[in-house]
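Here the structure is laid out as structure tokens; the discussion comes afterwards.
The values are calculated or read from the model by the stated rules, or taken from the named source; none is laboratory data. All values reported here derive from a predicted model rather than from experimental measurement. So basically every Cβ, Gly included, is an ideal-geometry build from the backbone, and we count neighbours across all protein chains shown.
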Amino acid sequence: MISCLEWTKKRLTRNHKRGIKMKTVDVKLTNKTYQVMIAAGLLQQAGQLVANVWSPCKIALVSDSNVASLYQRQVADTLTQAGFQVFCYDFPAGESSKSLTVLGDLARQLAADAFNRDDGVIALGGGVTGDLTGLLAATYMRGHSVHSDANVTVSAGR
């Protein structure tokens, strides 16, 4: 059986070889609109994509332990090359990490690294990672967030 992530990667790679480079989907909500970009190799472009929306700043790159071991260094490198100062944080994978304890640990790490409301937070992964990072960004000095799903779907907003 093939995982959703593996299937998505294979399909995007096949489409890229056929000349289908990137698909953009506009998501229209009541009070805002944002784009979702879907393409093979998008993580290698993460730094430039974020640089198109944010000025250089500190970025907290938050992942669970599964995604961190696969993609965190790669994404951190692209962000650093784009002029950002990147701090990598991870937490144990699984629903049990969706807790005030883990949220508090992440907030303490941001404080120890002197993050302020002008700095950025990026969730690298979906589910628990997106939930925790979104709440972290919303509560820690009311920062801003970019969410990057492990299924190679990236949405950016500020």
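Observations, loosely collected:
- Of all the numbered requirements in (1) modelled with pLDDT of 90 or more; (2) among the hydroxyl-bearing types (S, T, Y); (3) within 19 Å of M37 (Cβ to Cβ), T101 misses one, and that requirement is (3).
- Out of V102, V62, sole residue that is in contact with a strand residue (DSSP E or B) (Cβ under 8 Å, 6 or more places away or on another chain), outside any helix (DSSP H, G or I) and closer than 18 Å to A137 by Cβ: V62
- Residue satisfying condition, being in contact with a Phe, Trp or Tyr (Cβ under 8 Å, 6 or more places away or on another chain), of a type in the set (A, V, I, L, M, F, W, C) and over 20 Å from L110 (Cβ atoms), within set A82, A51, A93, A39: A51
- Test: residue in segment 64-72 that is surrounded by fewer than 18 Cβ atoms within 10 Å (Cβ to Cβ), of a type in the set (A, V, I, L, M) and either over 11 Å from the mean Cα position of the chain (by Cα) or closer than 26 Å to V36 by Cβ (or both): yes
- Only listed residue being in a helix (DSSP H, G or I) and either buried (at least 16 other Cβ atoms within 10 Å of the Cβ) or modelled with pLDDT of 85 or more (or both), chosen from A123, A114, A107: A107
- Segment 34-59, residues that are closer than 13 Å to A123 by Cα and assigned to a strand (DSSP E or B): I59
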